[in-house]
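The values are calculated or read from the model by the stated rules, or taken from the named source; none is laboratory data. Please read these numbers as outputs of a predicted model, since none were measured by experiment. Cβ placement follows ideal geometry from the backbone for every residue including glycine, while neighbour counts extend to all protein chains displayed.
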């Protein structure tokens, strides 16, 4: 931790710097590749929507005995191997300590009876009529859930734009925040498609939660950028330099905050996936884990880069960049403005030798010139001081100086 603290201090003071903002095409290229892969995953392997979105049949089995995830896995395998229509890829989860929930696509009457028979073979002690409850979820209800989820995301994004615009008084920061949020959502959806996890209302809740986390981290970086760029006229920094310094100053904080948040969410994801099987907790943890990791990248590498790119065309930013470069050149070589001697350099006139030579100091002629200089000063805007003491030769200084007199003789001639 000592090294991390020293590194954070050096990054904050500007003694060390990582060029996040200057490497425009590097971060744009990495972002384009990640988003492209996410879209490819969704196209190749579409999202596995849960029964809440596409409708289906849900069978809840009261086992009256302690069940574990291995029991759920055995039942899922038995139903999948039976080749029941619309039950080829069932989802079986535990509900409490003595119940199992089987979720499939919408089953017909015969397919439902076959599924009940498979459950009876696995648990012969239960009553298939009393202990197995069936619930059909229509696709219209699922579409309504999806519609409300999209409305919630839309309202959230509108509020984000208005908040950032009002706080920073800069619409370009709102655009950069939306780009970062789109990146986070695209990566999260791509990972969901690749993993095959079901998209449930819990996953939508997790998606909204990670959007808030990503926005929080982005606003912190933007606030530091605003602080660093308010005094650009007094500093030898361009807008991009000040923005890059802001990212370096908040880098360690962003990493530490993300690690603290990802550790418990990762633990929840591992427990829900390995111990509890497919569940709403697993969907929520996956969305938050992927979204928080993507949010750190977008807040540090992507959003500040977009802000600098959008503001690089402003006249004030361009003028400040020219001044900053000129000041940096001057600070790098302070003698750069001094002309170097060359053979063809014009030579100034030599000192004239026809000027009258001045008499040596300490002579009587020099003493007489004192009064003469007083007369010469008249009418030229200068006033010669009036002599109040006699002038004589000083042996210590070797020149004419006023002599000291006793107080009783001062002012007397």
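If you go through segment 47-60 one residue at a time, do you hit one that is surrounded by 13 or more Cβ atoms within 10 Å (Cβ to Cβ) and more than 47 Å from the chain's Cα centre (by Cα)?
From segment 47-60, those surrounded by 13 or more Cβ atoms within 10 Å (Cβ to Cβ) are 47-60; that's our starting set.
Then keep just the ones that are more than 47 Å from the chain's Cα centre (by Cα); that gives none.
Checking segment 47-60: not a single residue is surrounded by 13 or more Cβ atoms within 10 Å (Cβ to Cβ) and more than 47 Å from the chain's Cα centre (by Cα).
Take residues that are under 30 Å from residue 189 (Cα atoms) and tell me which of the helices (runs of 4 or more DSSP H) falling wholly in segment 57-169 contain 1 or more.
Working: elements: 69-81, 109-122, 139-168.
Where helices (runs of 4 or more DSSP H) fall fully within segment 57-169 and carry at least 1 residues being under 30 Å from residue 189 (Cα atoms), they are 69-81, 139-168.
Among the listed residues 42, 63, 102, 35, identify the single one that is out of contact with any strand residue (DSSP E or B) (no Cβ under 6 Å at 6 or more places or on another chain) and closer than 18 Å to residue 133 by Cβ.
Numbers: 42 fails: closer than 18 Å to residue 133 by Cβ; 102 fails: out of contact with any strand residue (DSSP E or B) (no Cβ under 6 Å at 6 or more places or on another chain); 35 fails: closer than 18 Å to residue 133 by Cβ.
Of 42, 63, 102, 35, the one residue that is out of contact with any strand residue (DSSP E or B) (no Cβ under 6 Å at 6 or more places or on another chain) and closer than 18 Å to residue 133 by Cβ is 63.
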- Note on the structure: Residue pairs within 7 Å by beta carbon, gap of at least six or interchain, first lying in segment 246-274 and more than 30 Å from residue 19 (Cβ to Cβ) and assigned by TED's automatic domain parsing to the domain that holds residue 214, second modelled with pLDDT under 80 and surrounded by fewer than 19 Cβ atoms within 10 Å (Cβ to Cβ), listed first then second, are 268/281; 272/281
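Of all residues being outside any helix (DSSP H, G or I) and at pLDDT below 80 in segment 299-335, which is farthest from residue 229 (Cα to Cα)? Just the residue, please. It would help to see each step written out before you state the result.
Narrowing segment 299-335 to residues outside any helix (DSSP H, G or I): 312-314, 333-335.
Filter once more, so that each one left must be at pLDDT below 80: 333-335.
Working: 333: 26, 334: 26, 335: 29 Å.
Filtering first and then ranking leaves 335.
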- Task: Kindly indicate which of 194, 162, 187 is surrounded by fewer than 17 Cβ atoms within 10 Å (Cβ to Cβ) and either in contact (Cβ under 8 Å) with a residue 40 or more places away in the chain or under 15 Å from the mean Cα position of the chain (by Cα) (or both).
- Result: 194
- Message: So, in segment 57-77, exactly how many residues are modelled with pLDDT under 75 and farther than 11 Å from residue 98 by Cα?
- Response: 1
- Which residues, taken from segment 118-132, are surrounded by fewer than 13 Cβ atoms within 10 Å (Cβ to Cβ) and modelled with pLDDT of 75 or more? 121, 124, 125, 127, 130
